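The values are calculated or read from the model by the stated rules, or taken from the named source; none is laboratory data. All figures in this text were calculated on a predicted structure; none of them were measured in a lab. Cβ atoms come from the backbone with ideal geometry, glycine included; neighbour counts cover every protein chain shown.
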């Protein structure tokens, strides 16, 4: 007998009948998206503290810095999203403050979070690059979990695919504006229920970030200079995000240019990461030769 599923990974045999978006606590609805984002922030802090102990730093330094980093990170993530979705938000300004509906862009969070840590390091007279080498491992650990908020919101998916990880989502659960022409042309009709069949890009990014996390943890004690772990984070995360962003149907655009903001920024981060690694290592080699 057919059952009306919310989400199905058709080639993996995984089916979820009623995908929840909220839970109720004493009658008050709490968005699962918000819970996952909160847990991902806590994960980032705990992993950063753990990594600080590994490299001989005081964990409490990172706890204090995390307070400022998270506050400004959330502000930055929301501002980034709102700015590049202004055509939507200008019609209803109050929705800018409706975080429960989603709409946090990780790059905005990273930029503002790093700026907050930079100010903190200057005030406390600490090494900014040593701090961010530790912090970025916490960030990527939080990203691994945070992407699953998109799963529960039925958002941040890619275009049509029939590959191994193809995911079908009940069409009525999805924001109509992110259903591409290709998805519309490949609607799957099962006993009167319409499904779109998509790349689960949230899953791709979560799995990619697991690989980035493992590499950065391994490389931390092998780095050649402070800031190199951050440079590798920029390079590796940017590389994966550039590819994954190209699959998505909800790309934030540079206004009327048609260019995907996150793809451009990902490419820039890759270039910055490569340049930092090569130039500073070359400088170190030249210094040794000169001596």
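Worth pointing out:
- Residues that are surrounded by fewer than 24 Cβ atoms within 10 Å (Cβ to Cβ), part of a helix (DSSP H, G or I) and in contact with a helix residue (DSSP H, G or I) (Cβ under 6 Å, 6 or more places away or on another chain) within the stretch 141-171 comprise 144, 145, 148, 149, 150, 151, 152, 153, listed in sequence order.
- Output for the stretch 80-132, where each listed residue is under 24 Å from residue 29 (Cβ atoms) and assigned to a helix (DSSP H, G or I): 81, 82, 88, 89, 93, 94, 95, 96, 97, 99, 100, 101
- Test set (1) modelled with pLDDT of 90 or more; (2) crowded, with 18+ Cβ neighbours inside 10 Å - residue 123 fails condition number: (2)
- Flag if residue 242 is part of a helix (DSSP H, G or I) and either more than 18 Å from the chain's Cα centre (by Cα) or without any contact (Cβ under 8 Å) to a residue 60 or more places away in the chain (or both): yes
- Taking the criterion of being touching a strand residue (DSSP E or B) at 6+ places or on another chain (Cβ under 6 Å) and surrounded by fewer than 22 Cβ atoms within 10 Å (Cβ to Cβ), the residues of the stretch 246-283 that qualify are 247, 251.
- Residue list for the stretch 56-75, filter: part of a helix (DSSP H, G or I) and farther than 17 Å from residue 111 by Cβ: 59, 60, 61, 62, 63, 64, 67
- Among the conditions (1) without any contact (Cβ under 8 Å) to a residue 60 or more places away in the chain; (2) over 27 Å from residue 79 (Cα atoms); (3) buried (at least 20 other Cβ atoms within 10 Å of the Cβ), the only one that residue 195 does not satisfy is (1).
- Tabulated pairs, the stretch 56-70, first without any contact (Cβ under 8 Å) to a residue 12 or more places away in the chain, second part of a helix (DSSP H, G or I) and surrounded by fewer than 16 Cβ atoms within 10 Å (Cβ to Cβ), C-beta under 9 angstrom, 6+ apart or interchain: 59/53
- Criterion: over 16 Å from residue 63 (Cα atoms) and under 15 Å from the mean Cα position of the chain (by Cα) - qualifying residue of 96, 106: 106
- Residues being under 18 Å from residue 172 (Cβ atoms), assigned to a strand (DSSP E or B) and in contact (Cβ under 8 Å) with a residue 24 or more places away in the chain - total across the stretch 1-55: 2
- Qualifying residue in the stretch 215-224 (condition: in a loop (DSSP other than H, G, I, E, B) and either closer than 21 Å to residue 48 by Cβ or without any contact (Cβ under 8 Å) to a residue 24 or more places away in the chain (or both)): yes
- Failed condition for residue 231, given (1) closer than 20 Å to residue 251 by Cβ; (2) touching a helix residue (DSSP H, G or I) at 6+ places or on another chain (Cβ under 9 Å); (3) in a helix (DSSP H, G or I): (1)
- Residue count, the stretch 179-214 (criterion: in a loop (DSSP other than H, G, I, E, B) and in contact with a helix residue (DSSP H, G or I) (Cβ under 8 Å, 6 or more places away or on another chain)): 3
- Residue count for the stretch 223-233 under the criterion of being surrounded by fewer than 23 Cβ atoms within 10 Å (Cβ to Cβ) and at negative phi: the result is 6.
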